[in-house]
Amino acid sequence: MVGVCALTLLLAALPTSVGVTSLGSSPQTFSATGTSAGVSLLYPSHFHDFAELGQEISNFAAAAPQLVDVEVIGQSYEGRNIVCLRLTNELNTEQKAKTLVVAHHHGREQITIEMALRFMLRLLNGYGVDPAITSFLDTEEVYVVPSLNPDALDRVVNGGNHWLRKNLRPFNDDGDASFDEDSPEDVNGDGWIAGYDVYLKSGASLVYQSTFYEGIDNDGDGRINEDPEGLVDINRNYGAYWGGSPGSSGNPADEIYRGSAGFSEPETKALRDFASNHRFGMAYSIHSGTNATYFPSDLYGYWVNPTLFSPVYSDLVALLPSGFNTYQGLGEQGEPARRLLESGQCGMWEDWMYSQRNTPLPITFELYHDASVDEPGAFTVILNNSTHVIYRWNGIYGYFNPVASHIDALWSDVLPAFDYLLATTPRLTVQLQSVAGLGSSLSVSVNLRCLSARLGTVDLVYVRGEDGSLLHTAPVVSAGGSAVVAFSLPLAAGSQQLVRIGNDYTGYVRLVISSLSGYALIVGAGLTVALVVAVIIYVVRRRRRAASRS
Ligand SMILES: [Ca+2]
Ligand SMILES: [Ca+2]
Ligand SMILES: [Ca+2]
Ligand SMILES: [Ca+2]
Ligand SMILES: [Zn+2]
């Protein structure tokens, strides 16, 4: 029922004139019902399609109803639900800190859905078993969007087009009478759609020209793949710095086509409307195709807040397997994992989260790439004449997704970065320092500590009454830092008041302060408290003589 082990600490510094008895440590018990490793994937070692993903989500919600809430945040272009799961101890109803994971902006990056599923599985099965996970779900609302681009998921798995990156808004590329009538396909039945890279010979070097794909002339117009499915790169469609170049393109045929306007697409609108209702301290958008972490960057591709991002980057390098700290494939080996060649500020998610939603650490986490598919041996020369070279490439799976049997091993590799996400979300602990005062007002002093090693409380810290009224405003508490905050509390003798301390980033910690006759202490009776959401009821002995003087 009650996690009271923090209370001993919280009560240690009370003045002797206040009659307080500590209950001492109690074994920690858990408020919500977890699954205790009782839930597993219905489709393990398997890349899910849209319908199977829906079954997994339903299974999670059924297995741990006190930890899982499922919300539809919008519909894709073709009307598929875009779902967000909230994982938290729902029996702790106080406002909590919030953390976000968005997966699968890009259709072919299926591994991101698999990582999101395993992240949720870890939380559901660790709650009530692993103290760290229990604490995370007691103090945070963890939001997970496992697929922001469900139309593309359906095409990638069931339509056979493993290359599809963009959303499914139709576009008539060739201006004939039909939309999307000629997409690539696996003509030779070897299980993948080959890509062909065309290079122009320029002296001793080769200059990349274009890429085309395996396919047939579906509509008999004499051209192959001239009107494929897929239009907007939804990770270039956010409404901050929309239109930036060269990071995005205005050409509908390009893989980084930005759409007709910022938030023109239903998928980005859904995320915008959802995120606009929350304040996230930490957020990941997970992708694949390289091993890298991207932070909000300026026009030149440099971090906008290196003082914060640099240590976070170092943390991630230390947590992840070697190889994650390079932007592979663009000649940036050894450079920090940040976008250097693709400029920022071109309608991407992290720049919008940072500049428009004030999320201090939105990180695009590119969590998979097999470098061997970039090696010369992965390419077959199919033409080499005096002017051109054409290579065939089958590396789509190694580029964006591992083989299915390696999904769980990849999850083991990246799991520490997800624990780090939860640990870096700022939260507060509150220690009662002293209580003094008599009659109708108490002077209360508390010690606030920020539980993130990298992020402070972001915003000012507010002391509020139960009705939300503002009693006191305290400065920002720095990352890993603490601060003593004093405030006065109007409180008539014999009454009690709930006090809430925190802000929209950290969530709130509750204190119940009572001024009653006699000595007594009641701790958390009948109330749900988490490790750091301490509910304290303590009793102030009324000093009648002193009171009569005031
Ligand atoms: Ca057409
Ligand atoms: Ca088209
Ligand atoms: Ca093929
Ligand atoms: Ca055609
Ligand atoms: Zn991507």
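Nothing in this text is a laboratory measurement; each read-out follows from the coordinates by a stated rule. Predicted model only: the values in this text are computed from it and were never measured. So basically every Cβ, Gly included, is an ideal-geometry build from the backbone, and we count neighbours across all protein chains shown.
Using the Cβ-Cβ distance between A493 and T93 with R0 set to 22 Å, the FRET efficiency from 1/(1 + (r/R0)^6) comes to roughly 0.15. Using a simple spin-label model with pseudo-atoms 7 Å out from Cα toward Cβ, A483 and R392 lie 6.5 nm apart. The length gained on full extension between S260 and R122, counted as 0.36 nm times the residue separation minus their Cα-Cα distance, comes to 45.7 nm. Sorting the segments 303-311, 242-250, 107-115, 378-386 by their residues' average number of neighbouring beta-carbon atoms within 10 angstrom, most packed first, yields 107-115, 242-250, 303-311, 378-386. Fully extending the segment from L415 to R86 would add 116.6 nm, taking 0.36 nm per residue of separation and subtracting the current Cα-Cα distance. Under 16 Å of direct C-alpha separation, and excluding same-chain neighbours fewer than eight residues apart, K269 reaches these lysines: K166.
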